[in-house]
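The structure's right below; bear with me while I get my questions together.
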Amino acid sequence: MATDATTNAPSRAAADRVPALARSARKHTDLGLGRLYLRRFLRNRLAVVGVVILVLLVLFAAFGGRFTSYAYTDADFTALTRPPGALHWFGTNQGGNDIYACTVHGLQRSLTIAVSVSVLTILVAAIVGSGAAYFGGRVERVTLAVIHFLLIVPSFLILALVSHHLAGDWRVLIVVLTVFGWMSTARVIWSVSTSLRERDYVRAAEFMGVSPLRIILRHIIPNLGSLLIVNLTLGVVTTVLSETALSFLGFGVQTPDVSLGTMLADGASTVTSAPWLFAFPAGLVVLLTVSMTFIGDGLRDALDPTSVTGSAGGRR
Amino acid sequence: MTLATPVLNPVPPTDAAPVLSVRDLRISFPSEAGTVEAVRGVSFDLLPGRTLGIVGESGSGKSATAMGIMGLLPPSAALRGQVLLGGRDLIGLGDQALSEVRGNSVGMVFQDPLSALTPIFSVGRLLSDALRVHQDLTKRAAWEQAVELLDLVGIPDPRNRATSFPHEFSGGMRQRVVIAMAIANKPSVLVADEPTTALDVTVQAQILDVLRLAQEETGAGLVLITHDLGVVAGHADDVAVMYAGRFVEHAGVEELFRRPTMPYTARLLAAVPTVDGGARRPLVPIGGEPPALVGLPDGCPFASRCAVALDACRSDEPELRHVTGHGHVACLRATEIADGSLDPAGDAAPVDQQATADRTEAGEVVLRVEDLVKTFPVTKGAFLKRRTGTLHAVNRVSFELRAGETLGLVGESGSGKTTTLMEILRLRRPEGGRIEIAGTDVGTVGSGARVRELRQDVQIVMQDPLGALDPRMTVFHLLAEPLRAIGRDRASIRSRVRELLALVGLDDSVSDRFPAALSGGQRQRVGIARALATEPKLLALDEPLSALDVSVQAGVINLLARLKRELGLAYLVVAHDLAVVRYISDRIAVMYLGHIIETGETETLFSDPKHPYTRALLSAIPMPDPLRERTRERVVLEGEQPNAARLPTGCVFVDRCPLYRLADDSVRRRCRTERPVPTPVAGQPGHQYACHGV
């Protein structure tokens, strides 16, 4: 009864109802899926703006250092707390460090941390979430219990303590942020995977004798693709914010290393007397998060076949 | 309860003004590939009290037409033409103005009754709201009227049931409520979009009767949209056949079925499997696939599939013209076909009769199922999950299947047929009974390696080919997967995939395509090829044809027959549709509530059904022939299949059994208390049924 009722009439009905038009339209689309997604993505103007900003930021982080003779560690004792000028484009801080060089390096550091944490988080979350959903039963219950436990623990506090103890190495920060950051994504992936687990093609693979690991890697995770990509981009935003927050509080990146967060912390106290110390890193954080958010939204709309904004006729 | 449906409705006076006139309706949707022209110039008049059946395959634009009339299309759709309702053009009206019309002058019956009813309101509330939107009624009066409406559509004990919520009703009862809502404000036009597609066949007959009653009660004109030619034959006065967004034939129901004049209609009728008594008619598949509605080429859209197409057919699209003695037909050769001088089928080959009818020499036993039992616990509560009962999904089911043989397991949803299939495919010790595959008892197979070996012998073809194929894998990888799972090396996989594609009649070039880029028929072929990859002995087919359009179905039936003959396979087919099963099975087992109630050779079962349920099932399937459909004796079952959690102690069919009602007391007592065991029919080897009353 349980399986019977679901397979019989309703799906026959559904097969006839919804995709009829879409199917006949698709039959002649010889565009690959990739081209199709690209076209839908490019139709979203904000997302394209996001990509342009991001590319500029990455180029700035990678090559911005070439345009100045100062390194972020150099202290120019002849120019302490100078406003932006011809010699120091973004000014200097109390220690005589060139703010331009610092922002380039800080952006580099923040980007590296954000991207690696977000990639690692997605990997862990995808494997744990879809694994729990696929195996079900006890595995699922235990995994969910762990996830829920970690979710209610005040992770930011623990994060602060742990990273403070491990003192300042940005690579340690990546590990710590990943360990405490994968749960909510894993839970989302788990809930989506539970419906994938019931899909016919997953059951078909089981009946063919395909191994569970292969089913998860070949059938479940690829079909979460759009969800993963969107979470990846939005994950960068949250990581940048939590890294800056940690560093701002003095727990993240430690001197003499510089990240956008430490710069914000340093600049915050002098925001009225020397606003340039705060304004440049803050501006970059805003640009980075805004561009990633635009890209994330654009990707979500482009990859979601039911979205109105992405489709050809949609005007919103 | 046996009754004969009345003969064709008398023709109403022709001078009545049409309640609905559609003029040159055109609907298009934007898509990535270009503009999809879903409807390309549809015109018709609907007279009061008449029924217009619109038939077509998926993607033909029939549902878009219905939604266009109701103004329920998504905002991206572009509409042109006229929809005149009582002289008022509905196209271009705002949503506010349309809402005045919808539910008031036009009633709509949707396909899925569950999603058509708001779950948080009682049905009485839903109905009285529907009334009060358009009429100035007090709450009390509206409620009274709602109760009357429920009574009209055949809801038992309407006064109490009005306070129930939609989820407390069964599928058929829900559809009755939807019909009641549609007729609440006495509309002049009813639009029913596939009203019975989501329902079981014995319930479908009831709902179609209710729809007819509702129409008589309101005198409305009915637009009945369906893919089922049998439903149209039984219930429409006029029929319009849609193909690629246009009417290609529009005629009275008798003329259309007597002499289908557009080649497409003729071929469609020849491709529909039927349950008529007597010998089974050969099926003739239509080659090719319906065209995509993007950038249609000039000329008749059917020309590429038509056996009698002329050169002119490929350059100009024929208009819908009147043909003497017939209706309107869009075909250049309509007059030739109408006067009988041209056979629209041309020289298209029928389905390989030899292969389907001839029983191949039955080989060794491939599958033996003895007393299979499967139950599910019925639990209550979210946390503690108290067990409150047992759902008997499969109850002591036994059958045998030999190489080269096809067994059809037939039943309505909830009969346990799919559960039986899944129990066999699981390859684990069943809850009760024995399953033996190729001589091996699956209960005794302990090691994983042995199970994997057994897996190769049993494979499955699933119902929905799109769902069963991973959308992110190419055809090559899909076919390679089962081979990789059994550890074949790269080179042998490549050659085997090529072999498999050839076996199911697909071109090599599809191997790097994704399933979404294939047509429905091609997808099902890929599904079959994948199942054959490991050279199984037993192929389980779970509703292999129900997701396919009629014109494609016949081709797949052909393929299955050829494969069985060439490879000596055994098929276990699960299906709800007796007509389709008839064309592929050697033997049929009919299931009801987890029990096999009758089993026998296919032709014996069709010519001499014994069990009252089998008879009802056979007579409930609509036949695509208006005269026979409307004059034959029908056994209309009351009610619906009950919940398998509360099985009666006696015969499981007793609550709906027409024989039980006529039987005398001693038989009745046996039906109530004693579960009938299968008894053989004298003179018909292999034919068994379980009934006290026959």
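Can you pull out every residue in region B:289-307 that is away from every other protein chain (no Cβ under 14 Å) and more than 30 Å from the chain's Cα centre (by Cα)?
Correct list: B:Asp298, B:Gly299.
Does region A:281-302 contain any residue that is within 30 Å of B:Ala531 (Cβ to Cβ), within 14 Å of chain B (Cβ to nearest Cβ) and touching a residue at least 40 places away in the same chain (Cβ under 8 Å)?
No, the conditions are met nowhere in region A:281-302.
Please go through (1) within 14 Å of chain A (Cβ to nearest Cβ); (2) among the small types (Gly, Ala, Ser); (3) crowded, with 21+ Cβ neighbours inside 10 Å for B:Gly34 and return the number of the only condition it doesn't satisfy.
(3)
Another question, if that's okay. Can you pull out the strands (runs of 3 or more DSSP E) entirely within region B:391-509 that have at least 1 residues that are facing chain A (nearest Cβ under 8 Å), surrounded by 17 or more Cβ atoms within 10 Å (Cβ to Cβ) and not polar (S, T, N, Q)?
B:458-461
Just the residues that are more than 11 Å from every other protein chain (Cβ to nearest Cβ) and over 22 Å from B:Gly411 (Cα atoms), please, taken from region B:524-557.
Listed by number, the residues that qualify are B:Gln524, B:Arg525, B:Val526, B:Ile528, B:Ala529, B:Leu532, B:Glu535, B:Lys537, B:Ser551, B:Val552, B:Gly555.
Looking only at region B:146-169, count every residue that is buried (at least 18 other Cβ atoms within 10 Å of the Cβ) and of a type outside the set (A, V, I, L, M) and tell me the total.
Residues flagged as buried (at least 18 other Cβ atoms within 10 Å of the Cβ) and of a type outside the set (A, V, I, L, M) within region B:146-169 amount to 5.
Next up: Is region B:94-104 home to any residue that is at pLDDT below 90 and within 14 Å of another protein chain (Cβ to nearest Cβ)?
No.
Given the criteria over 19 Å from B:Thr51 (Cα atoms) and assigned to a helix (DSSP H, G or I), does B:Arg212 qualify?
So B:Arg212 does not fit the description; no.
Another one. Would you mind listing the helices (runs of 4 or more DSSP H) fully within region A:199-294 where at least 3 residues are farther than 26 Å from A:Ile113 by Cβ?
Per the criteria, A:200-208.
Conditions first: (1) of a type outside the set (S, T, N, Q); (2) within 26 Å of the chain's Cα centre (by Cα); (3) at pLDDT 90 or above. B:Gly81 passes all but one, so which condition is the exception?
Only one criterion is unmet by B:Gly81, namely (2).
Going by what's in this entry, would B:Ala240 be described as closer than 26 Å to B:Ala17 by Cα, crowded, with 23+ Cβ neighbours inside 10 Å, under 21 Å from the mean Cα position of the chain (by Cα) and at pLDDT 90 or above?
yes
Which residue out of A:Ile152, A:Ile147, A:Ile174 is away from every other protein chain (no Cβ under 14 Å), free of Cβ contacts under 8 Å to residues at least 12 places away in the same chain and of a type in the set (Val, Ile, Thr)?
Exactly one residue qualifies, and that residue is A:Ile152.
From B:Leu126, B:Leu117, grab the single residue that is touching a helix residue (DSSP H, G or I) at 6+ places or on another chain (Cβ under 8 Å), assigned to a loop (DSSP other than H, G, I, E, B) and under 19 Å from B:Ile183 (Cβ atoms).
B:Leu117
The values are calculated or read from the model by the stated rules, or taken from the named source; none is laboratory data. Because the structure is a prediction, the values reported are computed rather than measured. In this analysis, Cβ positions are derived from the backbone assuming ideal geometry, glycine residues included, and neighbour counts consider all displayed protein chains.
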